[in-house]
Amino acid sequence: MIDLPFLRAAPRQLAGLDISSSSIKLVELSGGDKDSYKVERYAIEQLPRDAVVDGNIANLEAVSEALKRALRRFGGGVKNVAVALPSSSVITKKIILPGGLRETEMEFAVEAEANQYIPFALDEVNLDFQEIGPSPGVHGDVEVLIAASRKDKVEDRVAVAQAAGLKAVIVDVESLAIESALELVCEQLPRGGEDQVVAMVDIGASVMNVTMFRNGQSVYSREQAFGGSQLTQDIARQYGMSFEEAESAKRAGSLPDSYPRDLMRPFMDSLALEVSRALQFFFTSTSFNQVDHIVLAGGCAIMPGLGDVVAARTQVDTIIANPFASMTLNSKVRPKSLLSDAPSLMVACGLAMRRFDA
């Protein structure tokens, strides 16, 4: 059944909605193309612990209530959103099909191919496809990207949006949304990152995703069990706080003077070691032997001096992700706040860019 709105054309009025394990993020962009984007507004609302676990919505009511709070700060007027599924919940595969097929013929061919790669009955999944372009191997054939996810994974995110009065018109994949936002970040690199290997390191609450890109194409990805919640747990243990109190104090910057030395710096050193290990796995698993740039994203990326610590450990140029660097801002958007929040808004930004899909 071809019914997942994956990479479909978007309505002109759309916000990107990212439901991560720690927070709800909303971003709305306006403009005509990537050279004239404008940040109209954004909002971040923290989620209760364990409301989202391993990318799965465990407490739909809590997530819906958090989204409603985010919308109140975001302001009215938005009804349509693009949401994303964790990459681990989506099976993607590039296939080659004959060129010139009608849409119904291509749907039939995609379903036939999908049966080979999807370990579920087709009536249990949402499946969609997009023609990428001519086949790199056979003249006249086309390369097609298929994506499939179990229906319950899609329905949970759609239900969260509906509970807040929103309509999920697009269901994307987090990794593809990040790719879109990363294009904007790479424009800030020498030669726009052309012919260079860029390591995208997304540090979440419990998982660190490392994806290597070259000329806009993913060439390697790895997931490591490391994230910001480890630091929160250390804070709670060190200062006798609950996890929620520790998380709040960490975000507010209201921890004791000993915190940077005793907890934050050791955590940054551990994070840099994890990044270094990820690079070594990349070198041993592929024919590549060099990474030109590291881009740090996620909530942890704003820790003071983290870029320098990672660069010193890996000996690779390291920057903090900011896909909004060249955008104009609505007068209601505070530049300092956006700069601080930008690394954690990569998925939401990429989703908001779907508004401009033809």
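The values are calculated or read from the model by the stated rules, or taken from the named source; none is laboratory data. Source: prediction; values computed, not measured. Ideal geometry is used to build each Cβ from the backbone, glycine not excepted, and the neighbour counts take in all protein chains shown.
Name the single residue that is nearest to Ala66 (Cα to Cα) among those in region 125-164 being without any contact (Cβ under 8 Å) to a residue 12 or more places away in the chain and not in a strand (DSSP E or B).
Checking each candidate, the answer is Gln162.
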Unique match (being part of a helix (DSSP H, G or I) and either over 23 Å from Thr232 (Cβ atoms) or not assigned by TED's automatic domain parsing to the domain that holds Ser30 (or both)) among Thr318, Thr284: Thr284
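The rows are residues; the columns are (1) touching a helix residue (DSSP H, G or I) at 6+ places or on another chain (Cβ under 9 Å); (2) hydrophobic (A, V, I, L, M, F, W, C).
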{"position": "Phe282", "(1), (2)": "no, yes"}
{"position": "Ser285", "(1), (2)": "no, no"}
{"position": "Phe288", "(1), (2)": "yes, yes"}
{"position": "Asp292", "(1), (2)": "yes, no"}
{"position": "Val295", "(1), (2)": "yes, yes"}
{"position": "Gly299", "(1), (2)": "yes, no"}
{"position": "Pro304", "(1), (2)": "yes, no"}
{"position": "Arg313", "(1), (2)": "yes, no"}
{"position": "Ile319", "(1), (2)": "yes, yes"}
Cβ-Cβ under 8 Å pairs, at least 6 apart or on other chains, region 229-241 side without any contact (Cβ under 8 Å) to a residue 12 or more places away in the chain, far side surrounded by fewer than 18 Cβ atoms within 10 Å (Cβ to Cβ) and of a type outside the set (Ser, Thr, Tyr): Ala236/Phe243; Ala236/Glu245
Exclusive hit being of a type in the set (Ser, Thr, Tyr), crowded, with 21+ Cβ neighbours inside 10 Å, in a helix (DSSP H, G or I) and touching a helix residue (DSSP H, G or I) at 6+ places or on another chain (Cβ under 9 Å), set Ser340, Ser344: Ser344
Enumeration of residues in region 168-191 that are at pLDDT 90 or above and among the small types (Gly, Ala, Ser): Ala168, Ala177, Ser180, Ala181
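Condition check ((1) within 24 Å of Gly350 (Cβ to Cβ); (2) in a helix (DSSP H, G or I)) across all residues:
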{"site": "Thr232", "(1), (2)": "no, yes"}
{"site": "Met241", "(1), (2)": "no, no"}
{"site": "Ala249", "(1), (2)": "no, yes"}
{"site": "Pro256", "(1), (2)": "no, no"}
{"site": "Pro260", "(1), (2)": "no, yes"}
{"site": "Asp269", "(1), (2)": "no, yes"}
{"site": "Gln290", "(1), (2)": "no, no"}
{"site": "Ile294", "(1), (2)": "yes, no"}
Inter-residue pairs, beta-carbon under 6 Å, first over 18 Å from Gly216 (Cβ atoms) and in region 280-297, second of a type outside the set (Gly, Ala, Ser) and surrounded by 11 or more Cβ atoms within 10 Å (Cβ to Cβ), 6+ apart: Phe281/Arg222; Asn289/Phe283; Leu296/Val201; Leu296/Ile320
